[in-house]
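Remarks on the structure that follows.
The values are calculated or read from the model by the stated rules, or taken from the named source; none is laboratory data. Keep in mind it's a predicted model, so treat the numbers as computed, not measured. Glycine also receives a Cβ, built like all others from the backbone with ideal geometry; neighbour counts cover every protein chain displayed. Calculation scope for accessible area: heavy atoms of the full protein, side chains included, ligands and nucleic acids excluded. Shrake-Rupley method; radii C 1.70, N 1.55, O 1.52, S 1.80 Å.
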Amino acid sequence: MRTLLIAPLLFCCLLVQAQKQTVAQTIAVFPFQHVADAAPALQTMQQWKPAQWKDFFVMLDTDSLKLQPSYALHAYVNAASLNADLRKKTALNLSAGLTQVKGFYAKDFLIQRLGLLGDDAGIKALESFLQDNEYAGVAARSLVGIHSDAATAALKKALATAASPIKEQLQAALNHAAANAVAPLPAANTYEKSSLAQLQQAMAATSDLPNKRNILNAASRINDAASYQYISQFLADPDLRGDAANALARLALGNNNIRGAKVSSSLEKAFPFLNGVDSAILSRKLVEADLVKPAGNIALGVITSAEKQAGFKVLFDGTNTNQWTGNTAGYLVEDGALVVHPEIKGGNLYTKDEFGNFVYRFEFLLTPGANNGIGIRAPLEGDAAYVGMEIQVLDNEADKYKALEKYQYHGSVYGVIPAKRGYLKSPGQWNTEEISIKGSAIKVTVNGVVILEGDIAEASKNGTIDHKEHPGLLRPIGHIGFLGHGDVVKFRNMRIKPL
Amino acid sequence: MWLIVFYHGTCFFAILYYYNCTAFLANQNATFTIMQDSNSNKSNSRRKFLRNAAAIAAGISIVPRHVLGRGFIPPSDQITKGIIGVGGMGRGHIPYAGTRVVAVCDVDSKHLVQAAQMVGGNIKTFHDHRELIALPEVDIVHIATPPHWHGIMAIDAAKAGKDIWCEKPMTRTIGEGKRVVEAIRQYGNMFRLNTWFRFEDNFYGMNTTVKPIKKLVESGMLGWPLTVTVSKTTGFDWKFYWVGKTQLETQAVPAELDYDRWLGPAPYKPYNAHRVHGTFRGYWDYDGGGLGDMGQHYIDPIQYFLGKDDTSPVKVEVDAEQQHPDACGTFRKITYTYADGCKIILDGEAKDPNTAYIEGPNGKLFNGFKSTIPNLKEKLALLPDPTPQVTDFLESVKYRKPFALNESNGFRSCTIINMGKIALQLGRTLEFDPVKQEFINDAEANSMINPAMRYPWTL
């Protein structure tokens with residue numbers, strides 16, 4: 001009688017033993033040296049019954065045995081995530097494992113895998129940890145990793161009854177999900193192989209903005225003039241013009257055949273809407289490739305985002321002198337620059353606004369021997385050098401200027417404070433300048449070098465060095481002006497920050 | 001003649017060696033971004049300008065740039081810095097020229113004491129980086145922590161209005177990188193990475209700076225598209241000793257280390273000394289092995305000389321041993337392909353001694369700047385130099401001009417590293433959309449772009 005019982009018992013033990021060995025044998029290939037080596041094992045794991053998964057999880061839960069199961073499950077989850085059916089089945093297997101394992105390593109590992117797997121079938125198991133102090137955080141983050149409405153709903157439900165410290169962790173996870181909403185797993189990139197004609201049809205047939213953006217994105221990968229033309233119409237659409245601008249820039253930069261007056265004008269229109277991580281590089285490339293003219297609001301010497309943030313505003317944007325008054329006939333806008341035409345008599349050009357304390361930045365280009373000046377805190381009439389202040393503009397190196405007084409050279413507060421010489425580029429090249437004045441403290445910077453820093457009150461307290469009257473030194477506020485003295489000088493990219 | 005100029009209240013000064021005053025002054029002009037001559041739309045005149053600027057600049061290479069920071073500014077006028085993370089790399093930031101350390105921060109109190117002693121004087125020490133960032137007397141924040149903290153600290157520093165000098169790799173994930181770029185744009189800070197080969201220094205086994213490589217590529221002499229191979233044969237060493245350990249036993253946290261704060265946003269894993277202080281490079285939670293450590297040094301100049309600073313590869317393929325989910329391993333080959341057919345191959349095996357560094361349909365460039373093109377050096381000398389860039393971060397800080405390697409191009413080259421890390425961990429080929437910056441048809445890969453952070457840390 002006893003032998004009758006022992007035999008089947010022995011048989012069952014042997015069978016169980018065989019199953020354990022099979023699991024260990026299957027996962028012996030991990031870690032694989034070549035991913036193809038693992039294919040048979042992954043196939044076998046797909047066929048595992050609950051009993052085999054159970055054995056597997058025992059190994060994962062045992063410190064001395066957990067290395068290979070960790071590798072195996074890592075590879076298995078990676079493969080399963082690509083197949084909808086297998087993904088669901090695996091999520092259920094891992095969920096079962098979570099009810100079985102006891103140690104921190106295995107629980108933490110399985111919770112993380114469910115997040116990577118990304119299937120709703122794992123939500124129930126993850127939910128069960130949302131009240132556990134040790135695992136609520138990692139479970140919440142895995143729920144976020146599933147990127148589905150059901151997962152978000154599960155988090156919200158748990159949040160409603162949660163207490164600190166778990167409440168804050170759930171809220172943080174929900175915040176992350178909200179800030180990084182990801183579209184549900186899209187169908188195969190629907191438009192990748194579409195022709196321009198097909199894309200045009202698709203665009204006409206949809207009103208869903210993300211879909212429209214996908215269509216535009218696909219069109220931007222068609223590298224020809226036809227798609228360029230198609231995309232340029234979307235510059236007029238406030239929702240799509242950002243994407244359109246970036247796409248037009250890339251197309252034009254990548255294809256020398258996309259050129260011409262229409263292209264240039266659409267790129268000029270697109271320019272202000274360049275956006276995203278590459279906008280600075282795209283802007284610069286467009287200017288360097290001569291696809292866009294450097295007008296007042298473009299790349300080099302522009303209102304940068306830093307300047308915008310700091311409160312600078314444009315005084316001259318390269319297209320008009322609307323903010324200026326006085327000799328608008330003799331200061332003409334050409335190629336984005338303000339050009340002095342000395343042959344047209346008419347006096348000085350002044351800002352309509354008045355400025356007291358400010359940082360004023362601009363660029364200027366001298367012709368050989370040129371003489372001009374920036375009036376500051378000036379009235380609209382009179383000689384700004386004396387009734388206001390003049391910051392000299394001068395071709396320092398011209399022969400006729402070699403014996404001037406030190407306070408007559410470029411950048412000097414004319415007659416009052418001399419500036420350093422030697423920092424101007426040769427005539428015909430653009431220089432940068434910044435005039436910064438606050439109270440009686442004034443600083444002039446040319447091509448990045450501070451050539452003057454001083455105090456007007458100090459410099460004039462015992463009379464000015466030119467021994468002339470400078471009532472303008474006492475004016476707290478006034479216009480900024482261009483004080484022509486009969487030479488061609490060009491200015492551009494003027495922006496000012498009132499202090 | 002020595003000419004020392006020094007202004008109260010400003011940080012600007014100049015030191016002229018007695019070789020060539022005007023050349024130095026011209027160099028000042030040449031180091032700024034180019035001024036477009038609006039009179040000419042022809043590339044010829046721009047090239048002439050660049051050539052002139054380059055010729056002038058070349059004449060003053062004898063004035064070392066780092067000299068411009070030394071010794072003649074009174075300490076009270078110097079630009080200041082605070083360093084977060086003063087382990088090995090962080091303490092290396094202390095002597096960077098032209099700035100004065102006023103504060104250091106670390107979660108290891110021994111490192112903090114060591115750093116404070118190195119700097120000397122009355123510097124402030126902190127445990128919490130947010131306190132350092134809030135100091136009004138700090139101009140530049142140096143971030144020298146492991147990569148998993150870079151995103152949070154860069155964004156915190158940006159919000160506080162500080163300029164930022166960040167260790168490479170820029171961020172541990174693509175998602176954090178995007179957020180850093182957004183924050184810098186919003187708050188208008190100057191940002192630089194701590195890699196520099198695109199604009200200076202001997203580029204490893206090439207034995208030249210990157211400049212002649214850039215000129216060669218732009219000249220078209222090699223043709224297009226190009227394949228660039230980064231391996232021991234072509235002059236670059238993949239530091240595969242940065243592998244993690246797979247069977248870490250739990251150890252007691254040493255008294256001087258705040259391990260919870262060290263982990264920060266990274267998932268909780270029981271302490272083992274191999275996770276921290278140098279060997280953190282071997283773990284996916286904090287970095288990315290040899291790829292993460294050296295990748296940006298090697299790959300950033302490639303994006304630069306291929307002219308691809310505004311894009312990313314569209315495909316990444318990996319050939320490697322299986323990566324452990326926690327510990328980084330090694331790789332045999334990682335291949336990136338761009339939409340126009342250019343490739344970057346990271347070759348960890350270096351089997352073929354004849355591999356070219358750059359190979360194109362019309363020519364090859366090898367280790368040591370040897371080439372299949374005859375008289376290459378003479379031909380390159382006739383070509384204009386690349387667009388000058390701002391290569392002194394203090395210039396960026398003072399005059400608000402974007403640095404040569406900033407948040408935009410740094411993000412793009414770091415994205416290549418991070419794409420590679422994801423492909424390695426998943427063990428499969430991935431396709432990437434460089435405009436949307438997402439993987440195509442791979443939800444698991446996409447969920448690794450911006451994973452949620454451990455409470456209470458968030459971007």
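Here A:Ala205 meets the list (1) within 23 Å of the chain's Cα centre (by Cα); (2) surrounded by fewer than 19 Cβ atoms within 10 Å (Cβ to Cβ) almost entirely, failing just condition (1). Taken together, A:Asn357, A:Asn396 contain a single residue that is in contact (Cβ under 8 Å) with a residue 24 or more places away in the chain, buried (at least 17 other Cβ atoms within 10 Å of the Cβ) and either at positive phi or assigned by TED's automatic domain parsing to the domain that holds A:Thr445 (or both), which is A:Asn396. Scanning segment A:71-106 for residues that are among the β-branched types (Val, Ile, Thr) and within 40 Å of the chain's Cα centre (by Cα) yields A:Val77, A:Thr90.
Among the candidates A:Ser279, A:Ser264, the residue that is in contact with a helix residue (DSSP H, G or I) (Cβ under 8 Å, 6 or more places away or on another chain), within 13 Å of another protein chain (Cβ to nearest Cβ), of a type in the set (Gly, Ala, Ser) and open to solvent by less than 70 Å² (accessible area, probe 1.4 Å) is uniquely A:Ser279.
Taking the condition within 13 Å of chain A (Cβ to nearest Cβ) and touching a Gly at 6+ places or on another chain (Cβ under 7 Å), does B:Asp285 pass? So B:Asp285 fails the test. In summary, helices (runs of 4 or more DSSP H) completely within segment B:347-459 and bearing 1 or more residues that are out of contact with any Cys (no Cβ under 8 Å at 6 or more places or on another chain) and closer than 28 Å to B:Ser219 by Cβ occur at B:376-381, B:407-426. Entry remark, segment A:341-365: residues being more than 36 Å from the chain's Cα centre (by Cα) and modelled with pLDDT of 90 or more number 3 in total. Applying the selection to segment A:115-146, what residues are within 8 Å of chain B (Cβ to nearest Cβ), of a type outside the set (Lys, Arg) and not in a loop (DSSP other than H, G, I, E, B)? Of everything in segment A:115-146, those that are within 8 Å of chain B (Cβ to nearest Cβ), of a type outside the set (Lys, Arg) and not in a loop (DSSP other than H, G, I, E, B) turn out to be A:Gly115, A:Leu116, A:Leu117, A:Gly137, A:Val138, A:Ala140, A:Val144, A:Gly145. In a residue-by-residue description of segment B:238-257, the property of being open to solvent by less than 20 Å² (accessible area, probe 1.4 Å), in contact (Cβ under 8 Å) with a residue 60 or more places away in the chain and within 22 Å of the chain's Cα centre (by Cα) applies to at least one position. No other residue among A:Leu143, A:Leu117 is under 36 Å from the mean Cα position of the chain (by Cα), buried (at least 23 other Cβ atoms within 10 Å of the Cβ) and more than 28 Å from A:Pro31 (Cβ to Cβ) apart from A:Leu143.
Against the criterion of being over 16 Å from the mean Cα position of the chain (by Cα) and assigned to a helix (DSSP H, G or I), B:Glu182 qualifies. When segment B:275-319 is filtered for residues that are more than 18 Å from the chain's Cα centre (by Cα) and of a type in the set (A, V, I, L, M, F, W, C), the ones remaining, listed by number, are B:Val276, B:Phe280, B:Trp284, B:Val314, B:Val316, B:Val318.
Okay, residues lined up against (1) over 28 Å from A:Phe109 (Cβ atoms); (2) at pLDDT 95 or above; (3) within 13 Å of another protein chain (Cβ to nearest Cβ); (4) over 25 Å from the mean Cα position of the chain (by Cα):
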site	(1), (2), (3), (4)
B:Glu321	no, yes, yes, yes
B:Phe331	no, yes, yes, no
B:Thr337	yes, yes, no, no
B:Cys342	yes, yes, yes, no
B:Leu346	yes, yes, no, no
B:Thr355	yes, yes, no, yes
B:Asn362	yes, yes, no, yes
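The set of residues in segment A:95-114 that are away from chain B (no Cβ under 14 Å) and outside any helix (DSSP H, G or I) comprises A:Val101, A:Lys102.
Once segment B:391-444 is narrowed to residues that are among the small types (Gly, Ala, Ser) and within 8 Å of chain A (Cβ to nearest Cβ), the residue that is most open to solvent (accessible area, probe 1.4 Å) is B:Ala443. Entry remark, segment A:465-492: residues being open to solvent by less than 10 Å² (accessible area, probe 1.4 Å) and touching a Leu at 6+ places or on another chain (Cβ under 8 Å) number 6 in total. Among the residues of segment B:307-334, the ones that are open to solvent by 20 Å² or more (accessible area, probe 1.4 Å) and part of a strand (DSSP E or B) come to 5 in all.
Just to be sure before I move on: is B:Trp224 open to solvent by 10 Å² or more (accessible area, probe 1.4 Å), in contact with a His (Cβ under 9 Å, 6 or more places away or on another chain) and either under 30 Å from B:Ala350 (Cα atoms) or outside any helix (DSSP H, G or I) (or both) in the structure I sent?
No.
Across segment A:24-36, the number of residues qualifying as open to solvent by 30 Å² or more (accessible area, probe 1.4 Å) and touching a helix residue (DSSP H, G or I) at 6+ places or on another chain (Cβ under 6 Å) comes to 2.
Kindly indicate whether A:Ala75 is crowded, with 16+ Cβ neighbours inside 10 Å and either facing another protein chain (nearest Cβ under 10 Å) or touching a Leu at 6+ places or on another chain (Cβ under 7 Å) (or both).
Judged against the criteria, A:Ala75 is a match.
Scanning segment A:434-461 for residues that are part of a helix (DSSP H, G or I) and either acidic (Asp, Glu) or open to solvent by 40 Å² or more (accessible area, probe 1.4 Å) (or both) turns up A:Ala457, A:Glu458. Flag: A:Gln198 does not match the condition of being open to solvent by less than 80 Å² (accessible area, probe 1.4 Å), part of a helix (DSSP H, G or I) and not charged (D, E, K, R). Here A:Ile215 qualifies as of a type in the set (Val, Ile, Thr) and touching a Ser or Thr at 6+ places or on another chain (Cβ under 9 Å).
Only one of the listed residues (A:Gly369, A:Gly388, A:Gly428) is surrounded by 22 or more Cβ atoms within 10 Å (Cβ to Cβ) and either out of contact with any helix residue (DSSP H, G or I) (no Cβ under 6 Å at 6 or more places or on another chain) or not charged (D, E, K, R) (or both). That residue is A:Gly388.
Every condition in (1) over 25 Å from A:Asp335 (Cα atoms); (2) assigned to a strand (DSSP E or B); (3) in contact with a Pro (Cβ under 9 Å, 6 or more places away or on another chain) is met by A:Ile465 except one, and the failing one is (2). Screening A:Asn133 against (1) of a type outside the set (A, V, I, L, M, F, W, C); (2) within 27 Å of A:Leu42 (Cα to Cα); (3) surrounded by fewer than 20 Cβ atoms within 10 Å (Cβ to Cβ); (4) in contact (Cβ under 8 Å) with a residue 24 or more places away in the chain leaves a single unmet condition, (2). Reported count of residues in segment A:207-260, each being under 19 Å from A:Pro272 (Cβ atoms) and part of a loop (DSSP other than H, G, I, E, B), is 4.
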